[in-house]
Each structure stands twice: as C-alpha cells, then as structure tokens.
Amino acid sequence: MEFWVSKSESGFTSLLAFSPVSEEQARLHALLFANMEVITIDSAHSQVSTLVYALVKLDLGPENYAGSVAIHILGADSVELPSIGEADLVGKWKPLFDEFLSRGTTTHLRMLFCGPNLRKFQGVAVDMDYQGLHVQLEAQSGCYHDLPEKESPLLIVAYNAGLWGYESWRPTLAALFGSWLCSAAGAAGASAARSFLLITSYTHDESEDDYDTMFEVFSGLQQQQQQQQQQRQLQWHWDCEVNPQGATEDLERKGAPGANVYRENQCWQCISLK
C-alpha cells in the first residue's frame with residue numbers, strides 16, 4: 001500500500017491510501033497524485049496529528065477554546081510522555097500547542113497524562129510558557145477512575161485503548177459516563193460544558209469492539225437511572241472509521257494469513273453525551 005499526502009488551504013495535512021492491483025492502475029494513480037508527496041507517519045507523530053485533526057473535525061465554536069482548556073490522555077505511557085523536559089514536550093506536542101494558539105482565545109492549556117505505566121513520572125507537574133500560551137502538564141500513575149475529582153476536559157483521548165480487551169477500562173468508562181450524566185442533570189436545562197471522548201484502535205474490528213463496549217457500559221448506567229424522566233444518549237460524531245492521521249507502519253502480530261493489518265491509531269471514533 002502507498003500513502004500520499006496533500007495540504008488544504010488551511011495548511012492541514014490529509015492522507016490518502018491506495019493499493020494498485022496492476023501496473024496500469026499504478027501508472028494512473030501516479031499521474032493522479034503527481035502533485036502529492038509520499039510519506040510515512042510513525043506512532044509518535046500519529047498521536048499528536050490525530051488529536052489536532054479531531055479538534056479540526058469537531059469544528060467547535062470559539063467559546064470552547066476561550067480561557068483555560070483541558071485535555072486528558074488516558075492509558076498514557078512513554079509514547080505519549082517520553083520525557084518531562086520542556087524541549088522534549090514541545091518536540092512531541094508542538095502541533096497541538098500551535099493549534100490552540102491559532103484559536104486566539106486560549107490562554108491556558110492543561111494536559112493530564114494518566115496510566116498505570118507512568119510510575120516514574122507519578123505526581124510530576126510541569127509549567128511552561130509556549131509563545132504566550134501557558135501550558136501545564138501533569139502525570140498520574142494508575143487508572144483514571146481512581147483519581148480524585150477531576151475537572152471537566154474538552155477532550156479525553158485514549159490511543160489504541162483496547163476497551164474491549166481490558167476489564168479495567170469498564171470502571172473508567174462508567175465513571176466518565178456517570179460524570180457526564182451528573183453534569184447534564186446539574187445543568188437543569190442550561191447548556192453544560194461538553195466533553196468529547198476520542199478512541200483509536202489498531203484495526204477496524206477492534207474499533208467496532210470498542211464501540212460495543214462503550215455502548216454496553218453506558219446502557220448499564222441508563223438501566224440504573226430508569227426512573228429519571230429525561231434519558232440521555234451517547235452521540236457518535238464519527239464512528240469506527242479509518243483515521244486519516246493513523247500511523248502508516250504495519251505492526252508485527254501473530255495471526256493466520258489474511259488477518260487484520262495492525263497499525264497505531266488506524267481507526268478512530270469520537271463520542272459525547274447527546
């Protein structure tokens with residue numbers, strides 16, 4: 001498979017992929033994409049470009065970016081947070097910082113990295129200035145649902161989470177969805193601050209399994225609240241589709257011939273409370 005990239009007028013990179021089945025088809029594709037550049041996207045770059053593209057795709061109003069904005073990254077490890085040095089953090093997350101700067105109204109970006117594999121950074125907090133944007137990063141080792149009361153972030157991200165394969169994700173989802181429901185109920189008709197959950201997966205099959213897991217956990221919460229007059233639902237802003245910013249490198253996985261091709265962040269979906 002070959003990957004081609006083009007840039008829109010806004011400067012954002014789009015990725016196209018195709019698998020030519022004949023020399024003639026390959027020649028025609030080469031002519032079609034003559035003005036594009038063949039690229040590869042590794043896992044580290046895929047993470048930040050996926051997050052930025054999700055913000056672009058959601059197309060939220062300026063009120064969502066005004067003042068202080070929070071992003072929480074769950075299941076984080078050394079890929080998401082390789083170092084706490086300022087130069088390394090900027091090197092990793094610069095496109096995200098630039099995205100918030102471009103909004104013009106964000107003054108403070110808070111990023112929480114949470115995961116069982118962040119033990120060496122447990123409790124670490126970094127405050128830095130990036131071209132006038134105050135950036136605060138915090139690392140917590142453990143599961144998200146075990147953390148004390150948290151702020152409501154704009155976006156919650158879990159890369160290649162495998163929600164379907166790890167039981168520890170279920171209480172996290174239950175706590176997250178429960179907080180959404182409580183926030184909506186507490187708003188009492190007013191417009192509550194909205195949070196979005198972005199999940200990526202190695203394959204389309206795993207993405208669908210993650211979808212089923214989220215739906216099952218949320219349905220269980222709904223059954224516990226049957227006596228409430230207003231029933232809320234999950235809204236998929238996009239579901240189980242190929243991520244244009246997914247990594248282009250194949251991962252080695254044991255399996256039968258013809259099994260799924262595994263790539264970091266290959267598929268994605270994004271939900272919120274409707």
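The values are calculated or read from the model by the stated rules, or taken from the named source; none is laboratory data. Model, not experiment: these values are computed from the prediction. Glycine also receives a Cβ, built like all others from the backbone with ideal geometry; neighbour counts cover every protein chain displayed. Just so you know, the surface numbers come from the protein's heavy atoms only, side chains and all, with ligands and any DNA or RNA stripped out. Shrake-Rupley method; radii C 1.70, N 1.55, O 1.52, S 1.80 Å.
Once all protein chains are placed together, Ser49 keeps about 20 Å² accessible to a 1.4 angstrom probe. Cα centroid distance between the stretch 201-225 and the stretch 35-100, in Å? Each part's Cα centre sits 25 Å from the other's.
Taking square-rooted eigenvalues a ≥ b ≥ c of the alpha carbon gyration tensor, is the stretch 78-135 rounded, prolate or oblate, where a/c under 1.5 means rounded and, failing that, a/b exceeding b/c means prolate? Prolate is the answer for the stretch 78-135, as a/c is 1.5 or above and a/b outweighs b/c. Based on the alpha-carbon gyration tensor of the stretch 53-184 and its eigenvalue square roots a ≥ b ≥ c, which shape applies: rounded if a/c is under 1.5, prolate if not and a/b is larger than b/c, or oblate? Because a/c hits 1.5 or more and a/b fails to exceed b/c, the stretch 53-184 counts as oblate. Counting heavy atoms of the protein chains alone, Arg194 has an accessible area of about 90 Å² for a 1.4 Å probe. Placing unit charges on the Cβ atoms only, positive for Lys and Arg and negative for Asp and Glu, gives the stretch 50-200 a dipole magnitude near 240 debye about its Cα centre.
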